[in-house]
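Worksheet for the structure shown next.
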Amino acid sequence: MAINMKGKSLVEIQDLSLEEIYQIFELSSALKLKLYSGEPHKLLEGKTLGMIFAKPSTRTRVSFEVGIYQLGGIGMYFGPNDLQLKRGETIQDTARVLSRYLDGIMIRTFSHQDVIDLARFASIPVINGLTDLHHPCQVLADLFTILEKKRTLRGLKLAYVGDGNNMAHSLLQGASKVGMDISVATPKGYEPLKDIVNQAIENAKYFGSKVEVVESPLEAVKDADIVYTDVWASMGQESEAEERKKIFAPYQVNPDLVKYAKDDYIFMHCLPAHRGEEVVDEVADSPNSVIFDEAENRLHVQKAIMALVM
Ligand code: CP
Ligand code: NVA
């Protein structure tokens, strides 16, 4: 059954039903094949995507911009100093003005509330390209990558080791929606937000999967099909980086830790990686690592999202 998603915003994974998630994956797969076989797929001819970036980006910027071009549209990049937002124009007014010119907005910023407000006041779809609380496009690309590698999502175990940050939050929502067990290991004081853990526990009831937050990385990684990590200090937390290096040292993903995962486990990281901190080269560059497939799939999955909502 096809679901009409035109006009829908993607603020967090929780906004999507299970059916919508699988619809995105089906179209991602089809668009990936079309790109590989050189078949045109200009589903958004003449449409314009505005891309607002208050934080730096390699993957999100390039994959959205290339993606909209491949779909026949154009992308307009707005950096941290480009819009009147910088001089105090409200999110509400920005949303209403941009809706008169554009067909969709992708935004990467600090405050998650700003993206909620942008989506509420815009009459065009708003796609969250990362906030301090969520990174839904990354997790959709990650789940799609897992599906490609493992042929299934339901019944797998994902271990997330490190900071209870935006990635942990979106992975909690995403894994629990699709029926994967998720075990998050963080040091005390760095756990994911309780409300989001509770959402995941609620989601997990549908398939009867497990959601847990533990302190021991070994406990999380035991028998995992997927071992996931992210930087210890996210964008905006640079001043805490040195302190965090000490606190998170026991959470490094290295050969001693991954030996507790299943033999055919896959290693994932949203990137950018701080090699030698949260992960070492022996793991990131091992045959189990799928980090560059994840990065590539940002392109295919976001093209599917844009084509469905714009
Ligand atoms: N994973 C990710 O969002 O990367 P960028 O910060 O480079 O966009
Ligand atoms: N947690 C990281 C993810 C980067 C893609 C950050 O917010 O900086």
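If the Cβ limit is 7 Å and pairs must be 6+ apart or interchain, which residue in region 222-244 that is under 30 Å from residue 150 (Cβ atoms) pairs with which residue that is assigned to a helix (DSSP H, G or I) and within 16 Å of ligand 2 (Cβ to nearest atom)?
Note: pairs meeting the criteria are 228/171; 230/167; 232/244; 232/245; 232/248; 234/166.
Of all residues in region 268-282, which are away from ligand 2 (no atom under 16 Å from the Cβ) and in contact with a helix residue (DSSP H, G or I) (Cβ under 6 Å, 6 or more places away or on another chain)?
282
Restricting to region 98-118, and then to whatever is out of contact with any helix residue (DSSP H, G or I) (no Cβ under 8 Å at 6 or more places or on another chain) and closer than 23 Å to residue 20 by Cα, can you tell me which residue is surrounded by the most Cβ atoms within 10 Å (Cβ to Cβ)?
Of everything passing the filter in region 98-118, 115 is surrounded by the most Cβ atoms within 10 Å (Cβ to Cβ).
In region 248-306, what residues are in contact with a strand residue (DSSP E or B) (Cβ under 9 Å, 6 or more places away or on another chain) and under 19 Å from residue 164 (Cβ atoms)?
251, 252, 253, 257, 268, 269, 270, 273, 278, 279
Return the residue satisfying two criteria in turn: it lies in region 259-302 and is in contact with a Ser or Thr (Cβ under 8 Å, 6 or more places away or on another chain) and away from ligand 1 (no atom under 16 Å from the Cβ), and of such residues it is farthest from residue 6 (Cα to Cα).
Within region 259-302, the match that is farthest from residue 6 (Cα to Cα) is 283.
From the residues in region 219-253 that are of a type in the set (A, V, I, L, M) and open to solvent by 10 Å² or more (accessible area, probe 1.4 Å), which one is nearest to ligand 1 (Cβ to nearest atom)?
Within region 219-253, the match that is nearest to ligand 1 (Cβ to nearest atom) is 235.
Quick one: which residue in 25, 64, 110 is part of a helix (DSSP H, G or I), at negative phi and within 16 Å of ligand 2 (Cβ to nearest atom)?
64
Would you check if residue 129 is within 13 Å of ligand 1 (Cβ to nearest atom), buried (at least 16 other Cβ atoms within 10 Å of the Cβ) and in contact (Cβ under 8 Å) with a residue 60 or more places away in the chain?
Yes.
Mind checking which residues of region 47-59 are open to solvent by 20 Å² or more (accessible area, probe 1.4 Å) and under 18 Å from residue 123 (Cα atoms)?
Hits for region 47-59 are 47, 48.
Could you tell me how many of the residues in region 157-166 are aliphatic (A, V, I, L, M) and surrounded by fewer than 23 Cβ atoms within 10 Å (Cβ to Cβ)?
Total satisfying the criteria: 0.
Suppose the filter is in a helix (DSSP H, G or I), open to solvent by less than 20 Å² (accessible area, probe 1.4 Å) and over 25 Å from residue 278 (Cβ atoms); does residue 95 pass it?
So residue 95 passes the test.
Which numbered condition in (1) closer than 28 Å to residue 38 by Cβ; (2) open to solvent by 70 Å² or more (accessible area, probe 1.4 Å); (3) within 16 Å of ligand 1 (Cβ to nearest atom) is the only one that residue 67 fails?
Every listed condition holds for residue 67 apart from (2).
I need the helices (runs of 4 or more DSSP H) fully contained in region 230-310, keeping only those with at least 3 residues that are modelled with pLDDT of 95 or more and more than 30 Å from residue 64 (Cα to Cα).
It comes to 241-248, 255-258.
The values are calculated or read from the model by the stated rules, or taken from the named source; none is laboratory data. Given the structure is predicted, the values throughout are model-derived calculations rather than measurements. Here the Cβ is made from the backbone with ideal geometry for all residues, glycine too, and neighbour counts use every protein chain on show. Protein only, heavy atoms only, side chains kept; ligands, DNA and RNA dropped before computing areas. Shrake-Rupley method; radii C 1.70, N 1.55, O 1.52, S 1.80 Å.
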